[in-house]
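Read the structure below first, then the notes.
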Amino acid sequence: MSEIDYMNECMARDVLTMLVEKKNLSIAEAMDVFYNSKTFENLNNAETGLYFQSPVYIYDVLNKEIETKRNTIE
């Protein structure tokens, strides 16, 4: 496992925990939201450098993505 992969695994754990705690999602729902997001896609693209950010920052980016999708659907 590369260093970036390890950082992304730790980031995913922390972001999933925040989704469960702050949005009251089940673990399965949190995983579905996160792993199917553009945020996750960008996190895994080393060129974005997103893996250098904090879990709180990643959560905020994901939350904005969720809100944008919700507003688009409504």
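The values are calculated or read from the model by the stated rules, or taken from the named source; none is laboratory data. A quick note: this is a predicted structure, and the numbers were derived from the prediction, not measured. Don't worry about glycine lacking a Cβ; one is built from the backbone with ideal geometry, like all the others, and counts go over all protein chains shown. Surface areas here come from the heavy atoms of the whole protein model, side chains and all, with no ligands, DNA or RNA. Shrake-Rupley method; radii C 1.70, N 1.55, O 1.52, S 1.80 Å.
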Which label marks the calculated value of log10 I(q)/I(0) by the Debye sum over Cα atoms at q = 0.12, 0.16, 0.25, 0.28 Å⁻¹, given the options (1) -0.49, -0.79, -1.30, -1.36; (2) -0.70, -0.79, -1.09, -1.12; (3) -0.30, -0.53, -1.21, -1.42?
-> (3)
Relative contact order of the chain: what whole-number percent is it, with Cα pairs under 8 angstrom and at least 6 residues apart?
-> 33 percent
Once you list every other residue whose beta carbon is under 14 Å from the beta carbon of LYS22, what net charge do they have if Lys and Arg are +1 and Asp and Glu are -1?
-> -3
Per the rule of 0.36 nm per residue minus the C-alpha distance, extending GLU41 to ILE27 adds in nm 3.1 nm
Which percent of the accessible heavy-atom area of the chain goes to carbon and sulfur, probe 1.4 angstrom?
-> 53 percent
Just grab the label-to-label distance for THR68 and ARG13, each label 7 Å out from Cα along the Cβ direction, in nm (one decimal).
-> 2.9 nm
Which of TYR6, VAL61, ASN24, positive extreme of dipole for the chain (C-beta unit charges) = ASN24
